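A short write-up of the structure that comes next.
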Amino acid sequence: MQAKHLRKLKTLAWICLFTCLAGVFYQLIHEGRLDHNSVIVGFPLGLGFGILELYLFPKAQIWVGQWSFTKMLVVKTLLYTALIYKVTLALMLVAGWVEGRKLSELASFLGSTRQLILVLYTLIIYNLLIFILQVNHLLGEGNLWKFILGKYHKPREEERIFMFLDMKSSTTIAEQLGHVRFYSLLNELFHEISQPVLATKAQIYQYVGDEVVLTWEMKQGLEKANCLKMFFLFQQSLLGNKEKYLKKYGLQPEFKAGLHCGKVISAQIGDLKREIVYNGDVLNTTARIQHACNHYGCDCLVSGILLNQLKGISEYEWERLDKVTLRGKETEVELFRVVNLHLSSSHPILVKL
């Protein structure tokens, strides 16, 4: 999961840069001058915030995930207020020791109006950061900047890889569990898919019932076979949590996937609710490839068009299933079954490419 840690470190660096700039702005407005103190204060405050938001709270998700928004806001505000005071105290102790000040001066500063203003200002900056991170999370990783920069303000043609990922026997499972428990299961599964998605630079395009549509830019999807790796990382995660699902729901969830690539029209649409959408024949074809998994009894099917760009990947082997005319299509599409050699100790005789 190296990509996940690199992503967090990159985000942490941006947070520290943001708080340093906020420190510069505060000093210019409040003191009318600028020196190194603004960065000295801004950097550790950003570092502390980033560690809490990116590392501590995600690990505590099992406990805080069920909290209401108000409860979470109150807890975070208290934690961040304590963080501000601790960072300020540490910096004042160091500065006081260097300058030979007395502890009585430190105590008076911590209770001063100036310190109260700094705390309130820092909390505002923290809340702004939380808002930006949450919006980015809701829109999908990286989509916030695409909206801000207007990347999809006008329709554009681009080549992308798509994966339609669908839960096996979902109708039967929904009948067994009932709708409430079934959607509780789906929610857990969609949370579990997050790490494989981030690790392989995928974007979650849509949730459609029990189906997830993922997409990659061609370069990112082909890099280290990320588009294939995503499915097998998710499959590996499901196998690792097999006992949890059996104990809680009495079943082991399984998924099937279809992958294809091609040109699409990408655009930002909507007024009251805006989103980035993709239109093109490649999506319909990918959906039908995924449905063909049922006919061929396999977990992962890839089009020959995509396969031709993934050759040389030694981690996988393929079985050619012949050219087929998918339902609703006129042209034939070559389909290949794909197997990850590290996950499957026994598989049919395959053609290695």
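Quick notes on this one:
- Selection within the range 240-271 - farther than 26 Å from A287 by Cβ and either in a strand (DSSP E or B) or of a type in the set (D, E, K, R) (or both): K242, E243, K244, K247, K248, D271
- In the range 176-186, the qualifying residues are those that are at pLDDT 90 or above and open to solvent by 70 Å² or more (accessible area, probe 1.4 Å), and the one that is farthest from L214 (Cα to Cα) is Q176.
- Among the criteria (1) modelled with pLDDT of 90 or more; (2) of a type outside the set (S, T, N, Q); (3) more than 30 Å from V135 (Cβ to Cβ), the one L341 does not fulfil is (1).
- Cross-chain or 6+ apart pairs with Cβ under 6 Å, the range 43-62 first and within 13 Å of K76 (Cβ to Cβ) and in a helix (DSSP H, G or I), then hydroxyl-bearing (S, T, Y) and at pLDDT 80 or above: F49/Y126
- Only a single criterion out of (1) at pLDDT 90 or above; (2) open to solvent by less than 10 Å² (accessible area, probe 1.4 Å); (3) over 25 Å from L189 (Cβ atoms); (4) in contact with a helix residue (DSSP H, G or I) (Cβ under 8 Å, 6 or more places away or on another chain) is not satisfied by A257, namely (3).
- Only a single item in (1) free of Cβ contacts under 8 Å to residues at least 24 places away in the same chain; (2) of a type in the set (V, I, T); (3) buried (at least 19 other Cβ atoms within 10 Å of the Cβ) is not met by I269, and it is number (3).
- Residue check for L310: within 26 Å of the chain's Cα centre (by Cα), assigned to a strand (DSSP E or B) and buried (at least 20 other Cβ atoms within 10 Å of the Cβ): no
- Single residue of L144, L189 found to be at negative phi, part of a helix (DSSP H, G or I) and at pLDDT below 90: L144
- L21 modelled with pLDDT of 85 or more, of a type outside the set (F, W, Y), open to solvent by 60 Å² or more (accessible area, probe 1.4 Å) and over 22 Å from the mean Cα position of the chain (by Cα): yes
Conditions (1) assigned to a loop (DSSP other than H, G, I, E, B); (2) at pLDDT 65 or above; (3) open to solvent by less than 40 Å² (accessible area, probe 1.4 Å); (4) not basic (K, R), marked per residue:
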| position | (1), (2), (3), (4) |
| --- | --- |
| W67 | yes, yes, no, yes |
| L78 | no, yes, no, yes |
| Y85 | no, yes, no, yes |
| A90 | no, yes, no, yes |
| V94 | no, yes, no, yes |
| L123 | no, yes, yes, yes |
| L129 | no, yes, yes, yes |
| Q134 | no, yes, no, yes |
| I148 | no, yes, no, yes |
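- Residues within the range 192-216 that are in a helix (DSSP H, G or I) and either out of contact with any Leu (no Cβ under 9 Å at 6 or more places or on another chain) or among the β-branched types (V, I, T) (or both), tallied: 3
- From the options L246, L214, L238, residue that is open to solvent by less than 60 Å² (accessible area, probe 1.4 Å) and over 22 Å from N136 (Cβ atoms): L238
- Some residue of the range 283-303 being open to solvent by 10 Å² or more (accessible area, probe 1.4 Å), farther than 25 Å from R181 by Cα, part of a loop (DSSP other than H, G, I, E, B) and not hydrophobic (A, V, I, L, M, F, W, C): yes
The values are calculated or read from the model by the stated rules, or taken from the named source; none is laboratory data. Since the model is a prediction, treat every value here as computed from it, not as a measurement. A quick note on method: Cβ atoms are made from the backbone with ideal geometry, for glycine too, and the neighbour counts reach across all protein chains shown. To get the accessible areas, we keep the full protein, side chains included, count just its heavy atoms, and leave off ligands, DNA and RNA. Shrake-Rupley method; radii C 1.70, N 1.55, O 1.52, S 1.80 Å.
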